[in-house]
1. Among the residues of the range 75-89, what is the count of those that are closer than 10 Å to L38 by Cα and either loosely packed, with under 10 Cβ neighbours inside 10 Å or of a type in the set (A, V, I, L, M) (or both)?
2. Within the range 12-25, can you find the residues that are surrounded by 13 or more Cβ atoms within 10 Å (Cβ to Cβ) and within 14 Å of G42 (Cα to Cα)?
3. Look at P79 and say whether it is outside any helix (DSSP H, G or I), out of contact with any Phe, Trp or Tyr (no Cβ under 9 Å at 6 or more places or on another chain) and free of Cβ contacts under 8 Å to residues at least 40 places away in the same chain.
4. Just for the range 83-110: of the residues that are of a type in the set (S, T, Y) and part of a loop (DSSP other than H, G, I, E, B), which one is nearest to T62 (Cα to Cα)?
Amino acid sequence: MNNIQITNRSFERVGWGLLAILWGVTILFDFVPFGAGLIGTGLIMLAVARATSRLFTKNDNTVLGILILAWGGLELARPWLRLLFPSADLDWVIFAILLIGLGVILSVSWYEPRSNKESDL
């Protein structure tokens with residue numbers, strides 16, 4: 001195994017370890033809001049994606065991290081969402097907002113600049 005694969009596996013193990021600790025604390029202690037666990041999950045995923053950005057990885061962790069971070073923020077914003085959407089089921093409102101966010105991310109990320117190798121072909 002080369003150094004890049006070892007480094008990538010190390011970041012993945014640390015990320016999974018941090019996620020397990022965070023989820024355990026969120027489940028064990030009732031006073032920790034569900035949204036705080038989601039925000040922590042999103043931040044861990046973004047940190048691992050950032051740490052491995054120089055390695056050969058996909059951007060899936062970045063997109064998932066952003067969506068989970070947004071989900072946690074929306075869960076913590078439930079009292080204000082109730083004022084904006086008084087007759088709607090908030091689970092569907094949050095799901096719809098996340099779908100719109102995913103659509104925006106996918107629509108904006110379709111354009112990737114070409115590298116010099118591809119332009120020479």
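1. Within the range 75-89, the subset closer than 10 Å to L38 by Cα is 75-76.
From what is left, the residues that are either loosely packed, with under 10 Cβ neighbours inside 10 Å or of a type in the set (A, V, I, L, M) (or both) are 76.
Residues in the range 75-89 being closer than 10 Å to L38 by Cα and either loosely packed, with under 10 Cβ neighbours inside 10 Å or of a type in the set (A, V, I, L, M) (or both): 1 in total.
2. Start the filter on the range 12-25 by keeping residues that are surrounded by 13 or more Cβ atoms within 10 Å (Cβ to Cβ), which leaves 12, 14-15, 18-19, 22-23, 25.
Within the range 12-25, G15, L18, L19, L22, W23 meet the criteria.
3. Details: outside any helix (DSSP H, G or I): no; out of contact with any Phe, Trp or Tyr (no Cβ under 9 Å at 6 or more places or on another chain): yes; free of Cβ contacts under 8 Å to residues at least 40 places away in the same chain: yes.
Against the criterion (outside any helix (DSSP H, G or I), out of contact with any Phe, Trp or Tyr (no Cβ under 9 Å at 6 or more places or on another chain) and free of Cβ contacts under 8 Å to residues at least 40 places away in the same chain), P79 does not qualify.
4. Quick first cut of the range 83-110, residues of a type in the set (S, T, Y) only: 87, 107, 109.
With part of a loop (DSSP other than H, G, I, E, B) added as a condition, the list becomes 87, 109.
On the way: S87: 33, S109: 12 Å.
The extreme case among them is S109.
Quick note: the coordinates plus some simple rules give every number you see, no bench work behind them. Every value quoted in this text rests on a predicted model; they were computed, and no experiment measured them. With ideal geometry, Cβ positions are generated from the backbone for all residues, glycine too; neighbour counts draw on all protein chains shown.
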